[in-house]
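The values are calculated or read from the model by the stated rules, or taken from the named source; none is laboratory data. Keep in mind it's a predicted model, so treat the numbers as computed, not measured. Note: ideal-geometry Cβ built from the backbone for every residue, glycine included; neighbour counts use all protein chains shown.
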Amino acid sequence: MIAQTFAVNGAKVYITGRTKEKLENVVATYGKEVPGELIPVTCDVTKKQAISELYDYISSREKCLCILVNNAGIAGSRLDIDDKKRSADELKARMFSADKSTFEDWEDVYRANAASTYFTTSAFLPLLHHSTERHEGWSGTVINIASVSGEVKTGQHHFSYNASKAALLRLTRMLATDIVTNGLKIRVNSISPGLFPSEMTTGGSDEGQKSHMPKEKGSNYPAERPGKEEDIASAVLFCAVNQFVNGQKFTVDGGLSLVAGQ
């Protein structure tokens, strides 16, 4: 959704991921007859060396990077926890003793959802700064894709995911503060989507790598539907072009946080 949004609006977009075939399919499907360009680059942003190689590759081709979107993420294991009252022993069995509840799961989720954003952003600071220098009235921009799950008050069956997204929201604020404190005009903001069709929320995608979700799955929201592509697209474009927002989070959830509580 996000890469397509920028390409349709004329941007040259480097899209990264761990699976070469998926990246090439995105380019073949959505990179034709658009004002911009989609360029696939295989990269695992949970590895520092891979991020360094990605920076070297892009810096060899570009004098600057105007927008960095940190969108990597995994859901982690789902725990069988509901809102029924249970004894302490029963709750322990579901939260602690379950086979899916491991330190390794927490580490993997945090690495992908939070730590990768820190390392990728810090690696690309020089290219982002060059963008600010080259374009008058513009500041290099970082957009972190968090989640409403990092804002709501419940674990939603996946404590590790929610905790990692909450960490990402705080990381966004810290990065924005420390970057500007060092005198660099680079903005860092985050977007917290609610329920949108994706491989993570639906378990798969079609041949065009688009996921689909029936309307009734979002019927408990005030918006009475899941998110649409244009909902996230407009939020991303706002964060990119509005030069007067920095260190902020924008929740695009159709009202989920009103229902779930923060």
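Can you say whether E90 is surrounded by fewer than 14 Cβ atoms within 10 Å (Cβ to Cβ), within 18 Å of the chain's Cα centre (by Cα), within 21 Å of H158 (Cα to Cα) and not β-branched (V, I, T), as far as the supplied structure shows?
No, not satisfied.
Can you tell me which residue in the range 212-233 is modelled with the lowest pLDDT, limited to those that are surrounded by fewer than 16 Cβ atoms within 10 Å (Cβ to Cβ) and closer than 20 Å to I2 by Cβ?
Step one: filter the range 212-233 for residues surrounded by fewer than 16 Cβ atoms within 10 Å (Cβ to Cβ), giving 212, 214-217, 219-220, 222, 224, 228-230.
Retained after the next criterion (residues that are closer than 20 Å to I2 by Cβ): 212, 228-230.
On the way: H212: 52, K228: 89, E229: 90, E230: 94.
Residue satisfying both the conditions and the ranking: H212.
Answer yes or no as to whether A93 is modelled with pLDDT under 95 and part of a helix (DSSP H, G or I).
yes
Kindly check whether there is at least one residue in the range 155-166 that is assigned to a helix (DSSP H, G or I), modelled with pLDDT of 95 or more and surrounded by fewer than 21 Cβ atoms within 10 Å (Cβ to Cβ).
So far as the range 155-166 goes, yes, one or more of its residues are assigned to a helix (DSSP H, G or I), modelled with pLDDT of 95 or more and surrounded by fewer than 21 Cβ atoms within 10 Å (Cβ to Cβ).
Condition (residue is polar (S, T, N, Q), crowded, with 21+ Cβ neighbours inside 10 Å and either modelled with pLDDT of 95 or more or under 23 Å from L258 (Cβ atoms) (or both)) applied to the range 171-183: is it met by at least one residue?
Yes: the range 171-183 contains one or more residues that are polar (S, T, N, Q), crowded, with 21+ Cβ neighbours inside 10 Å and either modelled with pLDDT of 95 or more or under 23 Å from L258 (Cβ atoms) (or both).
Scan the range 187-198 and give yes if some residue there is of a type in the set (A, V, I, L, M, F, W, C) and in contact with a Leu (Cβ under 7 Å, 6 or more places away or on another chain), otherwise no.
Within the range 187-198, one or more residues are of a type in the set (A, V, I, L, M, F, W, C) and in contact with a Leu (Cβ under 7 Å, 6 or more places away or on another chain).
Could you list all residues from the range 96-128 that are of a type in the set (A, V, I, L, M), more than 16 Å from the chain's Cα centre (by Cα) and assigned to a helix (DSSP H, G or I)?
Result: A123, L125, L127, L128.
So which residues in the range 235-262 are of a type outside the set (S, T, N, Q), out of contact with any helix residue (DSSP H, G or I) (no Cβ under 9 Å at 6 or more places or on another chain) and in contact (Cβ under 8 Å) with a residue 12 or more places away in the chain, if there are any at all?
Those that are of a type outside the set (S, T, N, Q), out of contact with any helix residue (DSSP H, G or I) (no Cβ under 9 Å at 6 or more places or on another chain) and in contact (Cβ under 8 Å) with a residue 12 or more places away in the chain: A235, F238, C239, G255, L258, V259, G261.
Considering (1) in contact (Cβ under 8 Å) with a residue 24 or more places away in the chain; (2) touching a helix residue (DSSP H, G or I) at 6+ places or on another chain (Cβ under 7 Å); (3) in a helix (DSSP H, G or I), say which one T177 fails and leave the rest.
Condition (2) is where T177 drops out.
Which of (1) among the hydrophobic types (A, V, I, L, M, F, W, C); (2) within 15 Å of F124 (Cβ to Cβ); (3) in contact with a Lys or Arg (Cβ under 9 Å, 6 or more places away or on another chain); (4) touching a residue at least 60 places away in the same chain (Cβ under 8 Å) does L169 not meet, given it meets every other one?
(2)
In the list S149, S131, which residue meets the criterion of being modelled with pLDDT under 95 and part of a helix (DSSP H, G or I)?
Being modelled with pLDDT under 95 and part of a helix (DSSP H, G or I) holds for just one of S149, S131, which is S149.
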